1. Spin-label point model (7 Å from Cα, Cβ direction): what's the Leu178 to Asp54 distance in nm?
2. Which Cα, out of Tyr149, Pro127, Phe115, lies furthest along the positive dipole direction of the range 107-192 (beta carbon charges, K/R +1, D/E -1)?
3. Measuring from label point to label point, each 7 Å out along Cα→Cβ, what is the Leu34 to Arg154 span in nm?
4. Please state the charge dipole magnitude for the range 25-91, taken about the Cα centre, from unit charges on C-beta atoms (+1 on K and R, -1 on D and E), reported in debye and rounded to the nearest 20.
5. Between Val187 and Lys27, what FRET efficiency comes out of the Förster formula 1/(1 + (r/R0)^6) with R0 = 35 Å and r the beta carbon distance, rounded to 0.05?
6. Starting from the Cα gyration tensor of the range 107-192, take the square roots of the eigenvalues, sort them a ≥ b ≥ c, and report rounded, prolate or oblate (rounded when a/c is under 1.5, otherwise prolate if a/b is larger than b/c, else oblate).
Amino acid sequence: MSVPFQKALLGGALLAAILAAPPAAAKDVYKGSLDPAIPHHAAILDTLSRIEKDPADAKLHNDLGCLVAWDGFWRDALRSFDTAAELDPKDTRPWFNAGLVQGLRGEWGGARSRFKKAVKLDPGNWPAWWMLGFSEERLGNENAAVAAYSRSLRVDTSLFDPKVNPFAVATRLKSRVLLETYDRRRVDAALPFANQISSPSRVAAFFQPAVKTAAPPAPTVETRTGPVVTSVPPPGPASSAAPSAGPSVTDPSGRRRRPYAGREREAPIEVAPEPVREAPAPDPATQSAPKAPEAGAGDAAKEQPAEPPGPGMPVTRRVRTAPAPVPTRPPDPE
């Protein structure tokens with residue numbers, strides 16, 4: 001009699017549990033709230049259109065899960081991550097992202113299993129090691145948490161910086177992990193600086209990226225400002241026969257500037273002619289009879305050109321005039 005009664009109780013309990021269970025969450029709830037004017041929603045719509053063209057692309061499903069999780073639709077995000085993991089089992093990103101979503105929901109047991117899967121596929125995923133340690137710490141497994149934290153410090157300690165990892169604020173094992181891993185991290189950090197290499201440049205060349213040699217710069221022409229000095233050719237028959245072909249150096253006063261010191265010879269300096277002065281009027285009492293002009297005086301009275309000026313100099317002529325004859329006064333009668 002007791003057995004049928006127990007069976008009736010078991011069936012009633014199962015029926016009550018089914019009736020009391022909440023209805024299953026609808027799929028793709030986020031689609032009803034998408035606004036193309038919002039850049040974040042525009043990215044979701046673009047990703048959905050790409051998935052329609054290529055449903056087997058695991059990267060698109062992973063990106064869709066990240067975009068949907070940012071809007072708080074965590075169930076749809078987990079579905080997208082699970083789809084991405086099924087399409088590409090070797091990709092650790094869907095497992096890591098799903099663990100983050102479950103951790104933010106407070107489901108650290110499910111998050112731990114996701115992070116374990118991520119580090120199993122990729123032992124070099126240092127953020128996944130750190131989040132695995134944080135999951136173990138949340139679940140009360142401090143030794144397992146320290147072991148996972150220690151693996152995450154293989155590169156640096158930046159994951160314990162709150163600016164890089166916001167979960168670092170809530171951990172209580174930071175000091176313990178840093179102290180327990182100090183000896184190993186000190187050796188790794190000090191060896192490259194403590195060793196005294198005999199040929200450091202040769203060894204360092206293997207760690208430097210190849211740099212392309214730049215083409216030599218084009219020669220520049222120096223431009224000097226100031227007075228232009230004409231070079232004087234060396235003394236010789238050619239230089240004495242013809243003047244220098246360079247440009248003349250003159251100033252507004254009509255005088256040639258003296259060349260700089262250090263030249264072999266100096267060019268002659270042309271001086272402007274002095275103004276002609278008028279001769280004083282002769283005294284009739286002391287004036288004697290005019291003398292006959294000497295031979296060749298007429299030639300001297302002609303215009304004689306001055307020395308040939310330098311190139312670019314104004315041509316000046318000096319005129320020599322013979323004294324005019326003074327009329328003689330007849331003697332006074334007695």
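1. Here the answer is 4.5 nm between the modelled labels.
2. The listed residue farthest towards the positive side: Phe115.
3. Once both label points are built, they end up 3.9 nm from each other.
4. Once rounded to the nearest 20, the dipole reads 100 debye.
5. Working: r = 53 Å, r/R0 = 1.51.
Efficiency at R0 = 35 Å is approximately 0.10.
6. On the way: a/c = 1.81, a/b = 1.48, b/c = 1.23.
Prolate.
Laboratory data are not the source of any read-out in this text; all were calculated from the coordinates shown. Not measured: the values here are computed from a predicted model. Neighbour counts are summed over all protein chains in view; Cβ atoms, including those assigned to glycine, are modelled from backbone coordinates with ideal geometry.
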